[in-house]
1. Residue-wise, which Karplus ³J(HN,Hα) couplings in Hz belong to segment 207-214, taking 6.51 cos²θ - 1.76 cosθ + 1.60, θ = phi - 60°, and x for glycine or proline?
2. What percent do you get for the relative contact order of segment 1-85 when only Cα pairs under 8 Å and 6+ apart count?
3. What ranking do 275-287, 295-307 get when scored by the average of other Cβ atoms within 10 Å per residue, highest first?
4. For segment 100-115, what does the Karplus curve 6.51 cos²θ - 1.76 cosθ + 1.60, with θ = phi - 60°, yield as ³J(HN,Hα) per residue in whole Hz, taken in order and with x for Gly and Pro?
5. Tell me the per residue accessible area of segment 173-291 using a 1.4 Å probe; a whole number in Å² is fine.
6. What's the carbon and sulfur percent of the chain's accessible surface, probe 1.4 angstrom, rounded to a whole number?
7. Indicate, rounded to the nearest 5 percent, the antiparallel portion of the DSSP beta bridges found entirely in the chain.
8. Return the aspartates and glutamates within reach of K174: Cα separation strictly under 14 angstrom, same-chain partners fewer than 8 residues apart disregarded; answer none if there are no such residues.
Amino acid sequence: MTSHRPARCCLGIETSCDETAASVVCDRTGVRSNTVLSQLVHAEYGGVVPELAARAHMQAIVPVVEAALAGAGVAWSDLTLIAATNAPGLMGALLVGLPFAKALGYALDIPFIGVNHLEGHLFALRLGRPQLQPPLLAAVLSGGHTELLVVEDWCRYTLLGSTLDDACGEAFDKAAKLLGLPYPGGVELEKLGRTGREVIDFPVPDPGGLDFSFSGLKTAVLYFLRDHPDAGRADVAASFQRAAVEAITRRIEQAVRRTGLKLVGVAGGVAANAYLGERLAALAQRCGFDLVIPPAHYCTDNAAMIAAAGLERWDRFGPSSLDLPAAARSALGGD
Ligand code: KG4
Ligand code: ZN
């Protein structure tokens, strides 16, 4: 008799910030659906309002999960596992998706797995390249976190550096706000920067070691705009982006030298930035490493990455306890 592992279908649920997302992933990396509802309610406030995010998740969670199942063409009874983000994130937002997933697992009598959101971002790398094998150097660049890690193995990480102040995506969003661009600003700043020239010499942040710091760069943009009210907005965007991206590429180059790793993955919302992708590709060629950046829809928040991480964690550690708490803060690689 040939051994054949039965198909495992994981429903992933992500509600850590302002995206209500659900996805069905079968057998490790087979994404059957990937439903993401980006909450529009925050735009008029220029940033995410936690209370409104929680309420919007409450309204969206059932239709989003139903859409993910319908899109995947699977029935409730086809699901074998449920994974949900339990940390880090906005507490009120986590407290929608997490108990929803636990209750659903309980009702369907299938296991529940809690997933760290940052670990989810790392698994987006494998969705982009199913054959990806650690060890690799990885950077997670999101709106709330900036971490440089060695992925020793799946689910085993060593933290090399992180931001001492603002996260990388946060810096993009703040600079975009200073430029009068709508929230979320990162993608808008990239678009504007494409039309500008890198003529302003903003400082490239460097707090030493393999850590990051972005708050000084944001302040430099603030003062520049105050002192040069007639400056071309596109040039400011292009110059900010050059400095922010250079800070990232420098750190990655240093980390590659230090670790000797020849495989590098970059994930999280900022990894969707095409200019960053171009600079990293040039660096990869110069330093001789293999670069993995997931497709943009797996870089920004989604639940396929949560389901993929859940499937791997299930294989290695089995289910999470139903009393697993939500946590607003949680770094990877510290344990
Ligand atoms: O990973 P993500 O979707 O959510 C968090 O976990 O925070 O990252 C969102 C961040 C936001 O700061 C957003 O402005 C930024 O990623 N971002 C970008 C781009 N697309 C999203 N930043 C620069 N360029 C982009 N194209
Ligand atoms: Zn994220």
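The values are calculated or read from the model by the stated rules, or taken from the named source; none is laboratory data. None of the values given here were measured: they were computed from a predicted structure. Quick reminder, even Gly has a Cβ in these numbers, built from the backbone with ideal geometry, and neighbours come from all protein chains shown. Accessible surface is based on the protein model in full, side chains and every heavy atom, while ligands, DNA and RNA are left aside. Shrake-Rupley method; radii C 1.70, N 1.55, O 1.52, S 1.80 Å.
1. Values per residue, Gly and Pro as x: x, x, x, 10, 8, 10, 8, 10 Hz.
2. 38 percent
3. Working: 275-287: 15.5, 295-307: 26.2.
Answer by packing, highest mean first, reads 295-307, 275-287.
4. With coefficients 6.51, -1.76 and 1.60, one gets 4, 5, 4, 5, 5, x, 4, 5, 8, 6, 10, x, 10, 10, x, 10 Hz.
5. Working: 5400 Å² over 119 residues.
Heavy-atom SASA per residue in segment 173-291 reads 45 Å².
6. Carbon and sulfur together cover 53 percent of it.
7. Of those bridges, close to 60 percent are antiparallel.
8. Within reach: D165, D166, E188, E190.
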